[in-house]
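*Asks:* Please read through the structure below; I'll follow up with questions.
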Amino acid sequence: MANKWVVRPEGVIMVSLVLLTFSCTRRVQGLPFPAPDFKNCNNSEGCCPPPYNGALIQDFYVFDPTLPMRIRQPAHLLDDAYIAKYQRAYQLLRELPDSDGRSWKNQGKLHCAYCNAAFYFPIDKSRLEIHYGWLFFAWHRFFLYFHERILAKLLDDDTFALPFWNWDNQSTDPPLANVLPYAFANKKYQNKSSSLYDVNRNVCTKRPNIIDLQSTLECVNQTATLKASLREANNRIMYNQMVTGAPIRRLFFGESYELGGVAGLGAGTMEAIPHGTVHFWTGNPKATVEFADMGIFRYSAYDPTFFAHHGNVDRLWEVWKALPGGNRKDITDSDYLNTEFLFYDENGNLVKVKISQALNHISTLRYKYANVPNLWIHSGSDAAYKSCFPASTTEINKMILNTHALNTSNLNTFANSTITFSVQRPAKKQLHGEEVLVIGGVNVTGSEFKFLIQAFLYFPTANVNTSITCPQFFGVLSNPALTFGDTVPDSKKEWRLALTSKLQSLSMDQFSHVVVTLVEATGSFPQYLQLKLTAKIVYFEY
Ligand code: C2O
């Protein structure tokens, strides 16, 4: 099924097959996923892990008090000795035979199977997909935990911790954090014989290029001016996806997903962007299999950068919970907490875990992150920039009067790459919950997918030249964010944008309508983007 971060035509065919299957079988919605049986794996791309040998599957015993606390370090600050150890760990992993569940290939396959809806449940034929919804953070936390323990075992060093790629850190002080880390990019490690080398990396990743958290795969020559604006944009993306865009758990973790449910109803802010765009930036669009390795589910875990990338995603989960606001908490729904997965542990045995065992990683999994500054909290904030469209209350009321609601019976096109519409806010305010703008009807047809849609509030003149440093910027959609799982029909694909916190941040909470401007920021409205836009404002519980 879905094998890429992008929607492909073959995905569309599969969607109809899946829907057909769903409608003919019993649905058992509303139960947590039990651990998949590895025998029930079906995938044409070779994702299924080796058939299980039948040995007893152990329950994960939560924590081993003899295990030393491991400190995960930022990859840009590793010393030579640590890089040598890191490289030796992957060397040993690559040397394991494929009959071993821990082997390099089987680790890649395990990710592929879980991330490609390969495991199914005979009870209703529903498939387990750990992307585009609330399973994303916890599953990857476990995957990294076991991967790290396997490497530690091979090194015979229980203190071994996976480094993390601190791409959200836009500091200009060397060594830079927002470039491909030295351990992967230095000549020595760019050498085919290095275990940290991967043949399929995008030319964008060449140092001294810095990361682009809105990557649409274009690599342009990064002049000093361009780098400065990329840094600002990266900070703004981080701030939006972590702070104003994700004030509540449903927006941060994504939509719920239980046994019998439709896979991938919606990724959380961070999963979509920057998690997805970092994959995109790193994979090679010109590889024999396009976007391999990092840009494709099937292959992404074959590039060791995968684990460094996900270390940062995992760290940011913890950072998000510590942000102020009072509503940034873990999910407490029992279907979430009781969802089970199977992993190969450091001894090559299959163990069963529950999401509840992942939440307090310091006490149960015995690892921590080294402290790094989260600069975007201030330098990416709305307050750090001047308004790009200052307007009085009277002017805004006039703007509301002069702006139409969406004509939902039309196919919308972006005239000059923009479209502006108004959406009425609920008349009666709910005291609890977050007001959320839900935009539907962004469909990608055909096999092209380069687009980037940025959203602005009360800024009808925003256009392709508008910078997202404008405080009015409040969301971004690109292909890695749109996929939402290929099993989701177009009619259910939605883009969710937090309003309460944004309107407060702009001090603009007093109007009857919001005025939204969408800008297709690559500048050329692509034919394959079919917009039959719908927009509504709803409340999400805290
Ligand atoms: Cu399962 Cu970043 O991927």
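*Asks:* With Lys286, Lys321 as the choices, which residue is among the charged types (D, E, K, R), away from the ligand (no atom under 16 Å from the Cβ) and assigned to a helix (DSSP H, G or I)? I'd like the intermediate steps shown before the answer.
*Replies:* On the way: Lys286 fails: assigned to a helix (DSSP H, G or I).
None of the others qualify; the one that does is Lys321.
*Asks:* Would you be able to tell me the number of residues in region 274-285 that are at pLDDT 90 or above and out of contact with any Pro (no Cβ under 7 Å at 6 or more places or on another chain)?
*Replies:* Going through region 274-285 one residue at a time, the tally reaches 7.
*Asks:* Next question. Identify the single condition in (1) at pLDDT 90 or above; (2) of a type outside the set (D, E, K, R); (3) buried (at least 17 other Cβ atoms within 10 Å of the Cβ) that Met69 does not satisfy, given that it satisfies every other one.
*Replies:* (3)
*Asks:* Please go through (1) within 22 Å of the chain's Cα centre (by Cα); (2) surrounded by 21 or more Cβ atoms within 10 Å (Cβ to Cβ); (3) at pLDDT 85 or above for Phe449 and return the number of the only condition it doesn't satisfy.
*Replies:* The failed condition is (3).
*Asks:* Moving to a separate point now. When you scan region 348-442 for strands (runs of 3 or more DSSP E) that lie fully inside it, which ones turn up with 3 or more residues that are not basic (Lys, Arg)? Outline the logic, then answer.
*Replies:* Working: elements: 350-354, 367-369, 418-424.
Those strands (runs of 3 or more DSSP E) span 350-354, 418-424.
*Asks:* Moving on to the next point. Answer with yes or no whether Thr269 is within 17 Å of the chain's Cα centre (by Cα) and free of Cβ contacts under 8 Å to residues at least 40 places away in the same chain.
*Replies:* Details: within 17 Å of the chain's Cα centre (by Cα): yes; free of Cβ contacts under 8 Å to residues at least 40 places away in the same chain: yes.
Judged against the criteria, Thr269 is a match.
*Asks:* OK, next. Quick test for you: out of His76, His111, His131, pick the one residue that is more than 30 Å from Tyr257 (Cα to Cα) and buried (at least 23 other Cβ atoms within 10 Å of the Cβ).
*Replies:* Numbers: His111 fails: more than 30 Å from Tyr257 (Cα to Cα); His131 fails: more than 30 Å from Tyr257 (Cα to Cα).
It is His76.
*Asks:* Yes or no: Ile130 in a loop (DSSP other than H, G, I, E, B), away from the ligand (no atom under 15 Å from the Cβ) and either modelled with pLDDT under 95 or small (Gly, Ala, Ser) (or both)?
*Replies:* Values: in a loop (DSSP other than H, G, I, E, B): yes; away from the ligand (no atom under 15 Å from the Cβ): no; either modelled with pLDDT under 95 or small (Gly, Ala, Ser) (or both): yes.
Considered against the rule, which asks whether it is in a loop (DSSP other than H, G, I, E, B), away from the ligand (no atom under 15 Å from the Cβ) and either modelled with pLDDT under 95 or small (Gly, Ala, Ser) (or both), Ile130 comes out as no.
*Asks:* Determine whether Ser491 is crowded, with 17+ Cβ neighbours inside 10 Å, assigned to a helix (DSSP H, G or I) and out of contact with any Cys (no Cβ under 9 Å at 6 or more places or on another chain). If you could, list the steps in order and put the result at the bottom.
*Replies:* Values: crowded, with 17+ Cβ neighbours inside 10 Å: no; assigned to a helix (DSSP H, G or I): yes; out of contact with any Cys (no Cβ under 9 Å at 6 or more places or on another chain): yes.
No: the conditions fail for Ser491.
*Asks:* Here's another thing I want to ask about it. Out of all the residues in region 264-273, is one or more modelled with pLDDT of 95 or more and among the β-branched types (Val, Ile, Thr)?
*Replies:* yes
*Asks:* Output the residue which, of all residues in region 94-127 that are in a helix (DSSP H, G or I) and either among the aromatic types (Phe, Trp, Tyr) or more than 14 Å from the ligand (Cβ to nearest atom) (or both), is farthest from Asn312 (Cα to Cα).
*Replies:* Quick first cut of region 94-127, residues in a helix (DSSP H, G or I) only: 94-95, 104-114.
Checking which are either among the aromatic types (Phe, Trp, Tyr) or more than 14 Å from the ligand (Cβ to nearest atom) (or both) leaves us with 94-95, 104-106, 114.
Values: Arg94: 23, Glu95: 27, Trp104: 21, Lys105: 23, Asn106: 23, Tyr114: 20 Å.
Per the stated criteria, the residue is Glu95.
*Asks:* Return yes when Ala263 is part of a helix (DSSP H, G or I) and surrounded by fewer than 24 Cβ atoms within 10 Å (Cβ to Cβ) and no when it is not. Walk me through how you get there before you give the answer.
*Replies:* Numbers: part of a helix (DSSP H, G or I): no; surrounded by fewer than 24 Cβ atoms within 10 Å (Cβ to Cβ): yes.
Here the answer is no, as Ala263 does not meet what is asked.
*Asks:* Determine if region 292-311 includes at least one residue that is assigned to a loop (DSSP other than H, G, I, E, B), away from the ligand (no atom under 16 Å from the Cβ) and surrounded by fewer than 24 Cβ atoms within 10 Å (Cβ to Cβ).
*Replies:* Scanning region 292-311 turns up no residue that is assigned to a loop (DSSP other than H, G, I, E, B), away from the ligand (no atom under 16 Å from the Cβ) and surrounded by fewer than 24 Cβ atoms within 10 Å (Cβ to Cβ).
*Asks:* Sort out which residues of region 69-91 are touching a helix residue (DSSP H, G or I) at 6+ places or on another chain (Cβ under 8 Å) and not in a helix (DSSP H, G or I), and write them in order of number.
*Replies:* Just the residues of region 69-91 that are touching a helix residue (DSSP H, G or I) at 6+ places or on another chain (Cβ under 8 Å), to begin with: 69-70, 72-73, 75-76, 78, 83, 85-90.
Within region 69-91, Met69, Arg70, Arg72, Gln73, Leu78 meet the criteria.
*Asks:* Here is a follow-up. Test of understanding: among Asp158, Asp173, Asp168, which residue is away from the ligand (no atom under 16 Å from the Cβ), touching a residue at least 24 places away in the same chain (Cβ under 8 Å), assigned to a loop (DSSP other than H, G, I, E, B) and of a type outside the set (A, V, I, L, M, F, W, C)? If you could, list the steps in order and put the result at the bottom.
*Replies:* Values: Asp173 fails: touching a residue at least 24 places away in the same chain (Cβ under 8 Å); Asp168 fails: away from the ligand (no atom under 16 Å from the Cβ).
Just a single option satisfies the conditions, and that option is Asp158.
The values are calculated or read from the model by the stated rules, or taken from the named source; none is laboratory data. Since the structure is predicted, the reported quantities are computational estimates derived from the model, not experimental observations. Heads up, the Cβs are rebuilt from the backbone with ideal geometry, glycines too, and the neighbour counts pull from every protein chain shown.
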